[in-house]
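In what follows, a single structure is set out as structure tokens and then discussed.
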Amino acid sequence: MYLNLISIDPERFDRLLNIAGNSILPLLEGAIRYTIPLALVTFAIGLVIAVLTALARIFGNKLSRGIARFYISVIRGTPLLVQLFIIFYGLPSIGLTIDPLISAIIGFSLNVGAYASEIIRAAILSIPKVQWEAAYSVGMTRAQALRRIVLPQASRVSIPPLSNSFIGLVKDTSLASLILVTELFRRAQEIAATNYEFLFVYCIAAIIYWVVCFILSVIQGRIEVRLDRHVKRSEG
């Protein structure tokens, strides 16, 4: 009786193998054409937004600091899914229709910018004031000191948490499927809708996500090791 419970019908097993063979390439195509590029583009744009927001909070006037705080509060205080729905489904009600992929880029970039800005701000503030004073003593302006002295050091501090944010972003891109972007998870939904093997197809998609994130984690680990060696050499 127990063997019957764990045995698999040969016909069903062959069917699952056939589904797996027909699903992997479309899923990989969705990952390569949309998931990974979407994560890379939005992370790059988000970093630019994050740096500007962090600088506005640290060095800006009262108005720019207020705008930066409001932006961070709104983005961090609302779910990413809601933000995507507002951009893609909400804006057309006021006559502003945006392509699904562009909507995803806008939504993810704004989200990354808000969260990464706090990481970058903390990294900048972690640099000792003596570094600023040393830069000023050799005639640098604040902008020069920031660009040549502070930001390079802050970047080394912020790389580990920013790397974690990027890995999280790769997984969050699955939400783009809900605004019709044909990335990895959207492809999985389309495939599962044709064969009704939802669990099996979604598990294949999960494995692909895991492999991508595992590779990124390995890369992150190597970067951190190199940074540690660089810091030790500079201290030595």
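Observations on the model:
- Once region 83-98 is narrowed to residues that are open to solvent by 70 Å² or more (accessible area, probe 1.4 Å) and of a type in the set (Val, Ile, Thr), the residue that is farthest from Ala176 (Cα to Cα) is Ile94.
- Flag for Arg229 being in a helix (DSSP H, G or I), among the charged types (D, E, K, R) and open to solvent by less than 50 Å² (accessible area, probe 1.4 Å): no
- From the list Ser23, Ser109, Ser103, the lone residue that is touching a Gly at 6+ places or on another chain (Cβ under 6 Å) and not in a loop (DSSP other than H, G, I, E, B) is Ser109.
- Any hit, region 4-26, residues being closer than 25 Å to Ser109 by Cα, open to solvent by less than 80 Å² (accessible area, probe 1.4 Å) and out of contact with any His (no Cβ under 7 Å at 6 or more places or on another chain): no
- In region 162-186, the residues that are among the charged types (D, E, K, R) and in contact (Cβ under 8 Å) with a residue 60 or more places away in the chain: Asp172, Glu183, Arg186
- Scanning region 167-215 for residues that are open to solvent by 50 Å² or more (accessible area, probe 1.4 Å) and among the hydroxyl-bearing types (Ser, Thr, Tyr), we see that the one that is modelled with the highest pLDDT is Tyr202.
- Test result for Leu175, touching a helix residue (DSSP H, G or I) at 6+ places or on another chain (Cβ under 6 Å) and in a helix (DSSP H, G or I): yes
- Residue ID - farthest from Gly107 (Cα to Cα), chosen from residues in region 50-73 that are open to solvent by 60 Å² or more (accessible area, probe 1.4 Å) and either modelled with pLDDT of 95 or more or of a type in the set (Lys, Arg) (or both): Lys62
- Pairs linking a residue in region 32-60 that is free of Cβ contacts under 8 Å to residues at least 12 places away in the same chain to a residue that is surrounded by 15 or more Cβ atoms within 10 Å (Cβ to Cβ) and aromatic (Phe, Trp, Tyr), with Cβ atoms under 9 Å and 6 or more positions apart or on different chains, are Leu40/Phe166.
- The single condition among (1) touching a residue at least 60 places away in the same chain (Cβ under 8 Å); (2) open to solvent by less than 40 Å² (accessible area, probe 1.4 Å); (3) assigned to a helix (DSSP H, G or I) that Gly221 does not satisfy is (1).
The values are calculated or read from the model by the stated rules, or taken from the named source; none is laboratory data. If you're wondering where the values come from, they're calculated on a predicted model, not measured in any experiment. Neighbour counts run over all protein chains shown; Cβ positions are idealised from the backbone, glycine included. Protein only, heavy atoms only, side chains kept; ligands, DNA and RNA dropped before computing areas. Shrake-Rupley method; radii C 1.70, N 1.55, O 1.52, S 1.80 Å.
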